[in-house]
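A.B. asks: Just dropping this structure here.
The values are calculated or read from the model by the stated rules, or taken from the named source; none is laboratory data. From a predicted model like this one, the values you see are computed outputs, not experimental measurements. Because the Cβ atoms are built from the backbone with ideal geometry, glycine has one as well, and the counts that use them run over all protein chains shown.
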Amino acid sequence: MNPAQDILAHLLTAPTVADPVADLEGWWATHRKRLPQWSHAFDAGVAGGFAAPTVAWAFTAGYHAATSYLFGTTDLAALCITEVAGAHPSTLACHLAEENGELRLRGTKTMVTFGARADKMLILAHRGLDDDGRKRFVLVEIPRGARGADFAMLPPFPFVPDVPHAAVRLDVAVEPSQLLPGDGYTRYARPFRTVEDLRVQAAVSGYLLRLLRSIDGSHTQVEALVAHVATLRQLAASSPTSPSVHVALAGATRRLESIVDDVTTALSDGGLAPAVLEAWQRDRRLLEVAERVRARRLERAWAQLDA
């Protein structure tokens with residue numbers, strides 16, 4: 001079989017019992033062993049979602065697949081963009097500058113996925129202005145335990161509460177080798193939402209497939225979820241900046257909304273353990289995150305295609 005067939009066969013035939021996970025460290029220790037089994041990070045994320053006992057760890061598998069794709073890292077990494085004033089490039093204040101012969105990163109990021117437990121943070125910062133008066137952005141890699149990175153843990157989210165998040169205040173000395181090549185915003189931050197959407201949706205679909213198979217759900221609903229994963233896999237192999245990909249992803253996302261409603265009803269009627277069903281009904285809100293961002297992305301995509 002080829003890799004695409006491998007992951008689909010896994011979803012349809014792998015055992016449906018998920019081992020419990022106590023915390024992020026426990027999940028990561030297990031998932032890290034899973035990575036070499038798959039030649040594509042996308043497939044590892046889907047397999048991780050299928051194996052996850054909760055949506056929190058399915059999300060984490062998908063998020064890791066996204067950072068692996070965009071940054072080429074196997075570590076548990078967190079892309080850090082958002083600040084007090086939001087995530088629009090015009091409002092970002094975190095900056096990198098040369099001071100007394102060394103590079104220094106200063107600023108605060110208000111949303112660090114995994115918090116201090118991430119192996120590394122990828123910090124979007126500006127380096128002053130270009131000739132047109134616009135901020136020049138760079139992505140800076142900060143390893144776990146770096147001196148001058150002070151974390152403040154955030155309260156658990158109302159959904160996927162097991163995934164830790166933190167704010168971080170930065171006053172960190174940086175080596176040139178810690179700067180990723182290319183423009184930090186256009187090359188990394190801008191496409192990340194698309195990269196993440198594709199892989200988190202796929203991982204959560206894998207999670208739902210396991211639940212559905214565990215109650216001997218209908219073949220029709222299993223087929224719909226498998227088809228959705230196959231669609232996302234094809235889109236994930238294309239450019240995340242392509243307007244046609246954004247249009248197709250919007251259509252796939254709307255289709256998933258209908259699938260999720262049907263599957264949730266099946267899980268409720270099919271005797272899924274009440275605690276598992278209750279957790280899923282709470283955590284399915286994850287799929288609604290950043291709806292306004294997606295709507296603007298789709299609007300821009302249609303404008304580009306119409307032009």
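A.B. asks: Would you check which residues across the range 209-231 are without any contact (Cβ under 8 Å) to a residue 60 or more places away in the chain and in contact with a Phe, Trp or Tyr (Cβ under 9 Å, 6 or more places away or on another chain) and list them?
C.D. replies: Answer for the range 209-231, where residues must be without any contact (Cβ under 8 Å) to a residue 60 or more places away in the chain and in contact with a Phe, Trp or Tyr (Cβ under 9 Å, 6 or more places away or on another chain): there is none.
A.B. asks: Need the failing condition index for Phe157 against (1) in contact with a strand residue (DSSP E or B) (Cβ under 9 Å, 6 or more places away or on another chain); (2) of a type in the set (Phe, Trp, Tyr); (3) in contact (Cβ under 8 Å) with a residue 24 or more places away in the chain, just the number.
C.D. replies: So the condition that Phe157 fails would be (3).
A.B. asks: Name the residue, out of Arg199, Arg233, Arg210, that is charged (D, E, K, R), in contact with a Gly (Cβ under 7 Å, 6 or more places away or on another chain) and under 25 Å from Asn2 (Cβ atoms).
C.D. replies: Values: Arg233 fails: in contact with a Gly (Cβ under 7 Å, 6 or more places away or on another chain); Arg210 fails: in contact with a Gly (Cβ under 7 Å, 6 or more places away or on another chain).
Residue meeting the stated conditions: Arg199.
A.B. asks: Hey, among Ser244, Ser177, which residue is in the same structural domain as Met111 (by TED's automatic domain parsing), assigned to a helix (DSSP H, G or I) and surrounded by fewer than 19 Cβ atoms within 10 Å (Cβ to Cβ)? Full working, then the answer.
C.D. replies: Numbers: Ser244 fails: in the same structural domain as Met111 (by TED's automatic domain parsing).
Sole residue among the options that is in the same structural domain as Met111 (by TED's automatic domain parsing), assigned to a helix (DSSP H, G or I) and surrounded by fewer than 19 Cβ atoms within 10 Å (Cβ to Cβ): Ser177.
Residues are listed down the side, and each one gets a yes or a no for (1) under 19 Å from the mean Cα position of the chain (by Cα); (2) free of Cβ contacts under 8 Å to residues at least 60 places away in the same chain; (3) not in a helix (DSSP H, G or I):
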| residue | (1), (2), (3) |
| --- | --- |
| Leu8 | no, no, no |
| Leu35 | yes, yes, no |
| Gly48 | yes, no, no |
| Ala58 | yes, no, no |
| Ala61 | yes, no, no |
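A.B. asks: Out of (1) surrounded by 12 or more Cβ atoms within 10 Å (Cβ to Cβ); (2) farther than 15 Å from Val172 by Cα; (3) among the hydroxyl-bearing types (Ser, Thr, Tyr), the odd one out for Thr108 is which?
C.D. replies: Every listed condition holds for Thr108 apart from (2).
A.B. asks: Which of (1) assigned to a helix (DSSP H, G or I); (2) in contact (Cβ under 8 Å) with a residue 24 or more places away in the chain; (3) surrounded by fewer than 21 Cβ atoms within 10 Å (Cβ to Cβ) does Pro20 not meet, given it meets every other one?
C.D. replies: If we test Pro20 against (1) assigned to a helix (DSSP H, G or I); (2) in contact (Cβ under 8 Å) with a residue 24 or more places away in the chain; (3) surrounded by fewer than 21 Cβ atoms within 10 Å (Cβ to Cβ), just (1) comes out false.
A.B. asks: Still on this structure, I have one more. Looking at the structure I just gave you, is Trp28 under 24 Å from Glu223 (Cβ atoms), surrounded by fewer than 23 Cβ atoms within 10 Å (Cβ to Cβ) and of a type outside the set (A, V, I, L, M)? Before the answer, list the steps.
C.D. replies: On the way: under 24 Å from Glu223 (Cβ atoms): no; surrounded by fewer than 23 Cβ atoms within 10 Å (Cβ to Cβ): yes; of a type outside the set (A, V, I, L, M): yes.
The answer is no for Trp28.
A.B. asks: Of the conditions (1) under 28 Å from His31 (Cα atoms); (2) crowded, with 19+ Cβ neighbours inside 10 Å, Pro158 satisfies every one except a single condition; which number is it?
C.D. replies: Pro158 satisfies all of (1) under 28 Å from His31 (Cα atoms); (2) crowded, with 19+ Cβ neighbours inside 10 Å except (2).
A.B. asks: If we keep just the residues of the range 117-154 that are of a type in the set (Asp, Glu) and under 17 Å from Ala173 (Cα atoms), which is surrounded by the fewest Cβ atoms within 10 Å (Cβ to Cβ)?
C.D. replies: So the first thing to find is which residues in the range 117-154 are of a type in the set (Asp, Glu), and the list is 119, 130-132, 141, 150.
When the remaining residues are screened for being under 17 Å from Ala173 (Cα atoms), the result is 141, 150.
Numbers: Glu141: 19, Asp150: 14.
Looking at residues that are of a type in the set (Asp, Glu) and under 17 Å from Ala173 (Cα atoms), I get Asp150.
A.B. asks: Related question: Got a sec? Which of Ala236, Ala273 is touching a residue at least 40 places away in the same chain (Cβ under 8 Å) and in the same structural domain as Phe50 (by TED's automatic domain parsing)?
C.D. replies: Values: Ala273 fails: touching a residue at least 40 places away in the same chain (Cβ under 8 Å).
Answer to the check: Ala236.
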